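The values are calculated or read from the model by the stated rules, or taken from the named source; none is laboratory data. None of these values were measured; they are calculated from a predicted model. Note that each Cβ is placed from the backbone with ideal geometry, even for glycine, and that neighbours are counted across all protein chains shown. Keep in mind that these areas ignore ligands, DNA and RNA; they rest on the heavy atoms of the full protein, side chains included. Shrake-Rupley method; radii C 1.70, N 1.55, O 1.52, S 1.80 Å.
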Amino acid sequence: MKADFGPYSLRTGSPSVETYLRLRVVSGLSAKTVRAAEAGLPNTWHGVTVLCGDEPVGMGRVIGDGGCFFQVVDICVAPEHQGRGLGKRIMAELVGELERRAPDGAYVSLIADGDARFLYEKFGFRQTAPASVGMHRTV
């Protein structure tokens, strides 16, 4: 599916490995390896890429087990396209698909970097602390 808005369009599906690696780095997210991207991207439950013409300028994905647990990841927009509501469009598409297809009671989580939490709050996400605390480990 492809939806147009202004000079931008939204394409559903996983980004290409090249697009994924580039957008993560230019938007300030951590770099990933080709090997990791090739292994991970096929496991996307739902993904979107924002295009300006034919150029990918933003993306977001939902990963998970398809039933009980989902995680929103890779929300990013290239700096020269930020401030135009593209992050909201990405989140609206991802949350809309979760609401359409995820089973009732599914747990959806994400890690909010910096002020991104304000965007995520607009879509119903709440901080888990003090009841629980997010933790991570890098291999």
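The trypsin sites (Lys or Arg not before Pro) of the range 77-124 that DSSP puts in a loop, and whose beta carbon has at most 14 other beta carbons within 10 Å, are 122. Can you tell me the orientation of helix 86-101 relative to the chain, as the angle in degrees between its alpha-carbon axis and the longest Cα principal axis, to the nearest 10? It is inclined by approximately 50 degrees. Per-residue Karplus couplings for the range 5-16, computed as 6.51 cos²θ - 1.76 cosθ + 1.60 with θ equal to phi - 60°, are listed in order as 8, x, x, 10, 9, 10, 10, 7, x, 5, x, 5 Hz, Gly and Pro entered as x. Summing charges over all other residues whose Cβ lies under 14 Å from the Cβ of residue 33, with Lys and Arg as +1 and Asp and Glu as -1, gives +2. The phi-based Karplus calculation (6.51 cos²θ - 1.76 cosθ + 1.60; θ = phi - 60°) puts the 3J(HN,Hα) values of the range 126-138 at 10, 5, 8, 5, x, 4, 8, 10, x, 9, 8, 8, 9 Hz, whole numbers, x for Gly and Pro.
Rounded to a whole number, what % of the accessible area of the range 23-63 do carbon and sulfur atoms account for, probe 1.4 Å? Roughly 54 percent of what the probe reaches on the range 23-63 is carbon or sulfur. Just to check, using Stokes-Einstein with a Kirkwood Rh over alpha carbon pairs, what's the diffusion coefficient of the range 2-139 at 25 °C and 0.890 mPa s in µm²/s? Answer from the Stokes-Einstein relation: 158 µm²/s. Counting only Cβ charges, +1 for Lys and Arg and -1 for Asp and Glu, the dipole size of the chain around its Cα centre is about 140 debye.
Once the Cα atoms of helix 17-26 and of the chain are each reduced to a long axis, what angle between those two axes, in degrees from 0 to 90 to the nearest 10, is obtained? Between helix and principal axis, roughly 80 degrees.
Computed from backbone phi, the HN-Hα couplings of the range 63-77 come to 10, x, 8, x, x, 9, 9, 9, 9, 8, 9, 6, 6, 7, 9 Hz, rounded to whole numbers (Karplus: 6.51 cos²θ - 1.76 cosθ + 1.60, θ = phi - 60°; Gly and Pro given as x).
Summarising the amide proton neighbourhood of residue 46: residues at separation of 5 or more, or on other chains, whose placed amide H is nearer than 5 Å comprise 62. Accessible surface computed residue by residue for the chain, with neighbouring protein chains in place and a 1.4 Å probe, gives 60 Å² per residue. Projecting label points 7 angstrom from Cα along Cα→Cβ for residue 43 and residue 12 puts them 2.3 nm apart.
When you restrict to C-alpha pairs under 8 Å that are six or more residues apart and normalise by the size of the chain, the relative contact order lands at 19 percent.
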